[in-house]
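The values are calculated or read from the model by the stated rules, or taken from the named source; none is laboratory data. Owing to the predicted nature of the structure, the values given are computational and were not obtained by experimental measurement. When we count neighbours, we look across all protein chains shown, and the Cβ atoms used for this are built from the backbone with ideal geometry, even at glycine. For accessibility, only protein heavy atoms count, side chains too; no ligands or nucleic acids. Shrake-Rupley method; radii C 1.70, N 1.55, O 1.52, S 1.80 Å.
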Amino acid sequence: MTSATVDLSVKDRGTLFNPDDEAKAAGWGTLDPYPLLEKLHDGPPVVKGALEDLMGIPRQYNPGMWGGEVYSILSFEAVNKAFMDGETFSNRVYERLSKPALGDTLLNLDGGEHKRLRNVSKPWFKPSFTDGWWTEMWTVAAVKEIFDRLTEKDQADLNLELCAPLPMSVVSAGFGIPASEALEFRKALLLHGSPEEMAKGHAFAAEMLTRLMEERRANPKDDLISRFVHADIENEDGSTRKLTNDEAMRYCFLIIHAGGGTTWRQLGITIMALLNHPEQMEMLRKDRSLMRQAIQEVTRWYPTDTAFLRYVEKDTVLEGVELKAGSIAYLCLGTANRDRKQWDKPDELDIMRPAKRHFAFGAGAHACLGQHLSRQEMEVALGAMFDRLGDLRWDPDYPPAALGGGTLIGRGPVALNVRYTPIG
Ligand code: HEM
């Protein structure tokens, strides 16, 4: 039988977005941002200065490369206004953050060009399509295969054996990339390394996608590559045309890139949070109707990314603070998602909180395209975890689980070593 899921062997741990190794490679610390952000809650909602400087940590972003002033946007209201006003707070920052590796994509485009491009794939990521096509075709099968492997034993590192392979398997399978090639493909798209390494990886991924796109153009299948090569995009004048090969390729690169590491880390954070709050885990195990709000709460409480950047396109005033055109603004999800005006005891995890809007998946025109898919993957995975891993608990032979990664981006557990009684 051929394997549907990507099997991450231990040798890949160091190369494939293991949060701790990635942080070390980038020279970042592995400090928990929340104690450092706490003092900012009492100050003004918009502050001059880079977020790292306010937190007293080494810079992870490099806002100086744009040459303008730098501001940090901290409160829920202010972050919301910045996310929602894309004309003033644009994604031009990604011309330097993602374009060198991924080319022109949704991330760095704005306005009509962004909207027309996003409309191409919107139907394939809306809730009904993720609950139906993605879940039924790919997620359920990948989860089953992963849990069949897990239940052959009674201890595991769920970070490496569940959280990492699941999203990569689902996204690769949904695209139509064979599981045997998915790991090589994802590695080739890593956003760090020397320019030469990144160019080599890019060329490898492009070659593989070109081959698959040619195959699907001639012989369409029920996968996303086939959808992309046959998709229409609207021109500025309202007429339509097919996506070019190059556009389809860049779109695929972005989605495959964005759909792996984020869900890995966020699912890992969710499992870690539940194991550290056993009474809440038990409530959820017994009452699965709480699943949506539990995931909403963990993503509020600890989003894998703490802050995103925006470019200030024109002079503006936000919460009484003047920001000049050409400045860089940090939109701090970490403080906005724990705004004291929005939530009671926001530093506490409470899965019984009524679900409420927050910024773990961004907001506005660039809000996460894959958010419904990723929530759905987490739901199916957590459901299987409760059904098939009985008496789930931390493995006492390992040190307590810890979060690593950058302080501002890409946080997730370093390992999730657990013991359990296998079921089924
Ligand atoms: C828990 C998992 C995830 C989290 C926390 C997350 C978070 C985010 C955030 C915060 C943004 C906005 C970035 C910004 O405004 O600068 C974003 C954008 C995006 N995400 Fe996700 N994401 C997740 C999973 C996924 C998945 C599974 C996919 C696709 C399969 C995906 C595809 C995208 C794309 C394409 C964008 C760019 C959208 C645009 O610029 O229009 N994400 N994500």
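Computed with a 1.4 Å probe over protein heavy atoms only, the accessible area of D148 comes to about 50 Å². Structure remark: mean-square fluctuation, Gaussian network model of the chain, C-alpha springs under 10 Å; the largest value among V317, V143, V170 belongs to V317. Test of understanding: in a Gaussian network model of the chain with alpha carbons linked when under 10 Å, which of D157, D397, D223 would top the mean-square fluctuation ranking? Fluctuation is largest for D397. Here, the chain has an Rg and a Dmax of 21.1, 64 Å when only alpha carbons are counted. Computed from the Cβ-Cβ distance with R0 of 30 Å, the FRET efficiency linking M283 to R357 stands at 0.85.
Simple spin-label estimate for E197 and T421 gives 4.6 nm between the two label positions (7 Å along the Cα-to-Cβ direction from each Cα). Counting heavy atoms of the protein chains alone, E38 has an accessible area of about 100 Å² for a 1.4 Å probe. For K314 and R59, the difference between the fully extended length at 0.36 nm per residue and the C-alpha to C-alpha distance is 89.3 nm.
Taking amide H atoms as placed 1.01 Å from N in the peptide plane, the amide H of L318 lies under 5 Å from those of L323, each 5 or more residues away in sequence or on another chain.
Rolling a 1.4 Å probe across the protein heavy atoms gives the chain an accessible surface of 42 Å² per residue. With the simple model of a label 7 Å out from the Cα in the direction of the Cβ, K122 to A218 spans 3.5 nm. In this label model, R241 and M84 are separated by 3.6 nm, measuring between points 7 Å along each Cα→Cβ vector.
How big is the antiparallel share of DSSP beta bridges in the chain, given as a percent to the nearest 5? Show your work: numbers first, answer last.
Values: 25 of 29 bridges.
Within the chain, antiparallel bridges account for around 85 percent of the total.
Projecting each Cα onto the charge dipole of the chain (Lys/Arg +1, Asp/Glu -1 at the beta carbon, about the Cα centre), which of A199, P33, A78 comes out farthest on the positive side? The Cα lying farthest towards the positive end belongs to A78. Solvent-accessible area of M198, all protein chains in place: 40 Å² (probe radius 1.4 Å, heavy atoms, ligands and nucleic acids excluded). Which distance in Å, rounded to a whole number, links the C-alpha centroids of region 169-228 and region 314-376? About 32 Å separates the Cα centre of region 169-228 from the one of region 314-376. Structural descriptor for the chain: relative contact order 29 percent, calculated from alpha carbon pairs under 8 angstrom and at least 6 residues apart.
Of all lysines in the structure, those lying under 18 Å Cα to Cα from K242, and not within fewer than 8 positions of it along the same chain, are K115, K122, K221. Between E184 and R393, the contour length at 0.36 nm per residue exceeds the Cα-Cα span by 71.9 nm.
Could you work out how much longer the chain between D148 and Y34 gets when fully extended? Use 0.36 nm per residue separation minus the Cα distance between them, nm to one decimal.
Details: separation 114, 0.36 × 114 = 41.04 nm, distance 3.67 nm.
Here the segment from D148 to Y34 would lengthen by 37.4 nm.
When E348, E313, E236 are compared by accessible area at a 1.4 angstrom probe, the order from most to least is E236, E348, E313.
Within straight-line reach of K39, meaning a Cα separation under 20 Å, sit the following lysines at least 8 residues removed in sequence or on another chain: K48, K341, K345. For the chain, modelled as a GNM whose springs connect Cα atoms under 10 angstrom apart, the maximal fluctuation among S289, S180, S72 occurs at S289. Largest first, the residues F129, F359 sort by 1.4 Å accessible area into F129, F359. Only DSSP H runs of four or more residues enter the estimate; each adds -39500 (n - 2.57), and after division by the residues of the chain the mean residue ellipticity at 222 nm equals -12500 deg cm²/dmol.
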